[in-house]
Amino acid sequence: MNKGRKMNVAFIKPDEPNFIKRLKEQAGYKEGPTVDTKREALPELDDDDLQDRDEDKPVVVVLKPGDLSEEEASRLQKEKDEESGPARLGDRIVFRKPSKEKTASSEETAAIPSSQREGKKRSSDSDKSKVKKQKTSKPSAPCLSFDADEES
């Protein structure tokens, strides 16, 4: 092998056909960076470039009485993470049905505009109490169980 020959390998870009040049001119296409652009010298930075602009400066936020502080927000986030966190392998596995109250109320509030939600909240509280009374009045059907302890 001839090592001197390998070092002189270079790429020569062929000329573009005329129809491609015309299409690029009509479309306003600009050539992107090439291999030679990385060897060009960068422009010098001015003092204006080094200073922070107004939109880059920090902003002071004043909390209103009902707003969450950073500590409260982090505490709520931790509680949420603990609830939906990984399962504990040492604990007993318990399967529960999703509560119908949560799913029904979230569907109702999603379909109602926010201005009407406030009035609906008051009436939905009384509706929930009616639904609970109806549920308790129904005789409960025997549930299937697969636990060995309950098979008597």
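Is the C-alpha gyration tensor of segment 1-58 telling us rounded, prolate or oblate? Criteria: a/c under 1.5 is rounded; beyond that, a/b larger than b/c is prolate, otherwise oblate.
The shape class here is oblate.
I need the phi-derived Karplus couplings for segment 14-28: 6.51 cos²θ - 1.76 cosθ + 1.60, θ = phi - 60°, integer Hz, Gly and Pro marked x.
Once θ is set to phi - 60°, the couplings for segment 14-28 become x, 5, 7, x, 4, 5, 5, 4, 5, 4, 5, 5, 5, 7, x Hz.
Once fully extended, how much extra length lies between Met7 and Leu45, figured as 0.36 nm per residue of separation less the alpha-carbon to alpha-carbon distance?
Full extension from Met7 to Leu45 adds 10.1 nm.
FYI, it's all coordinate maths here, none of it is from the lab. All values reported here derive from a predicted model rather than from experimental measurement.
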